[in-house]
């Protein structure tokens, strides 16, 4: 089986979208379970944010050290090997009895989950130029659904069984998914000049530094998304704690139902892909960043604890997820146009930058909520995309970053 010349068939695009959703969910299962995991393993409230932060640090390391190898090695085999590593991390998390063991397993889960960022450029390689934004948007919609459904699914499974069952079940699911992808995905051997025979791993990594320094478009799009994703991670680290607290007293099932609201934001991904294909990247970027910034003050229009306050928190979740989902696809459409021969490295740098922002957001969320509750956490949440908007205001029209 080889890569189709006319582009990916619809069923393969759908399968890649499903795979990306199932794999990336592993990074987020722990977010609504911070409370019960920390309580059983003996983590203090101030250190509870490390449960999410370690996974994101592992993901960020994988983006820099593993994803670029897709410009060097056959993509299907690489993706499946990395998925296997993630399955081992999930099994380790399910069996962990001490905080250190769980945090180490979380690091491995993050590292193994970077297989999604091998699959996304793989899908982009399948697509003709005129439809690349649409294909990437469709695959990313699956990825984003995985991010958003991970929290409610984890809450429901934990409520019905235990938090350990969440990780054990996902480990088995990764093994089954790997078998399906092994049969369905055509192999892709990088043959572009940037991946020619003789290119070694060390040379590959050094080339990433040159790409980062030599591409202001990449830097700008990555920093835009970092400002939004840090706010996203802060929000979804803190909100389960807020909902479980004295203002709302939600059970894990109640938190799961709330988190389902975020699924609505995934519709932004295919829309953003089509908008990018039409050349409207710059105005769409501004609207996406503004949506994320406005989601935090929206929650303060009513006091927490009542139905109005809960409704505003729900609206903020949808608005925030919509903005983050749209902007990530807009950014990928721009950076994938910079060069097919180093597309995996570009994607690795892009994703690593904003996932490090996500790790920062999770850590700030745990600390700020312990120190000052939702008022302090939401104030920091507003500041993060506001910094991105200030940087966006300096972008000149007609630059590659503007699409």
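The values are calculated or read from the model by the stated rules, or taken from the named source; none is laboratory data. Since the model is a prediction, treat every value here as computed from it, not as a measurement. Don't worry about glycine lacking a Cβ; one is built from the backbone with ideal geometry, like all the others, and counts go over all protein chains shown.
Would it be correct to say that residue 184 is closer than 25 Å to residue 74 by Cα, surrounded by fewer than 18 Cβ atoms within 10 Å (Cβ to Cβ) and touching a helix residue (DSSP H, G or I) at 6+ places or on another chain (Cβ under 7 Å)? Step through it out loud before you land on a result.
Details: closer than 25 Å to residue 74 by Cα: yes; surrounded by fewer than 18 Cβ atoms within 10 Å (Cβ to Cβ): yes; touching a helix residue (DSSP H, G or I) at 6+ places or on another chain (Cβ under 7 Å): yes.
Spelling it out, residue 184 is indeed closer than 25 Å to residue 74 by Cα, surrounded by fewer than 18 Cβ atoms within 10 Å (Cβ to Cβ) and touching a helix residue (DSSP H, G or I) at 6+ places or on another chain (Cβ under 7 Å).
Are any of the residues in the range 369-388 part of a helix (DSSP H, G or I), at pLDDT 85 or above, surrounded by fewer than 19 Cβ atoms within 10 Å (Cβ to Cβ) and within 18 Å of the chain's Cα centre (by Cα)?
No, the conditions are met nowhere in the range 369-388.
May I ask you to list the residues in the range 270-313 that are outside any helix (DSSP H, G or I) and in contact with a helix residue (DSSP H, G or I) (Cβ under 8 Å, 6 or more places away or on another chain)?
Those that are outside any helix (DSSP H, G or I) and in contact with a helix residue (DSSP H, G or I) (Cβ under 8 Å, 6 or more places away or on another chain): 299, 300, 301, 302, 303, 304.
For residue 111, indicate whether it is crowded, with 19+ Cβ neighbours inside 10 Å, in contact (Cβ under 8 Å) with a residue 24 or more places away in the chain and out of contact with any strand residue (DSSP E or B) (no Cβ under 6 Å at 6 or more places or on another chain). Quick ask: steps written out before the conclusion?
Values: crowded, with 19+ Cβ neighbours inside 10 Å: yes; in contact (Cβ under 8 Å) with a residue 24 or more places away in the chain: yes; out of contact with any strand residue (DSSP E or B) (no Cβ under 6 Å at 6 or more places or on another chain): yes.
Criteria met by residue 111.
If you go through the range 226-236 one residue at a time, do you hit one that is over 15 Å from the mean Cα position of the chain (by Cα), assigned to a helix (DSSP H, G or I) and in contact (Cβ under 8 Å) with a residue 24 or more places away in the chain?
no
Where the second residue is assigned to a helix (DSSP H, G or I) and the first is at positive phi and lies in the range 24-46, which pairs have Cβ atoms under 9 Å and are six or more apart or on separate chains?
Note: pairs meeting the criteria are 42/99.
Please work out if residue 352 is closer than 29 Å to residue 51 by Cβ and at pLDDT 90 or above.
no
Can you go through 61, 39 and tell me which one is out of contact with any helix residue (DSSP H, G or I) (no Cβ under 8 Å at 6 or more places or on another chain), modelled with pLDDT under 90, assigned to a helix (DSSP H, G or I) and more than 21 Å from residue 184 (Cα to Cα)?
Values: 61 fails: out of contact with any helix residue (DSSP H, G or I) (no Cβ under 8 Å at 6 or more places or on another chain).
Exactly one residue qualifies, and that residue is 39.
Would you check if there is a residue in the range 92-103 being under 18 Å from the mean Cα position of the chain (by Cα) and in a helix (DSSP H, G or I)?
No.
Determine which single condition residue 263 fails, assuming it passes every other condition in (1) farther than 29 Å from residue 285 by Cβ; (2) touching a helix residue (DSSP H, G or I) at 6+ places or on another chain (Cβ under 7 Å); (3) touching a residue at least 40 places away in the same chain (Cβ under 8 Å).
Result: residue 263 fails condition (1) only.
Tell me, which residue of the range 153-176 that is over 20 Å from residue 106 (Cβ atoms) and touching a helix residue (DSSP H, G or I) at 6+ places or on another chain (Cβ under 9 Å) is surrounded by the most Cβ atoms within 10 Å (Cβ to Cβ)?
That would be 156.
Would you say residue 258 is in contact (Cβ under 8 Å) with a residue 40 or more places away in the chain, touching a helix residue (DSSP H, G or I) at 6+ places or on another chain (Cβ under 8 Å) and either under 19 Å from residue 160 (Cα atoms) or not in a helix (DSSP H, G or I) (or both)?
yes
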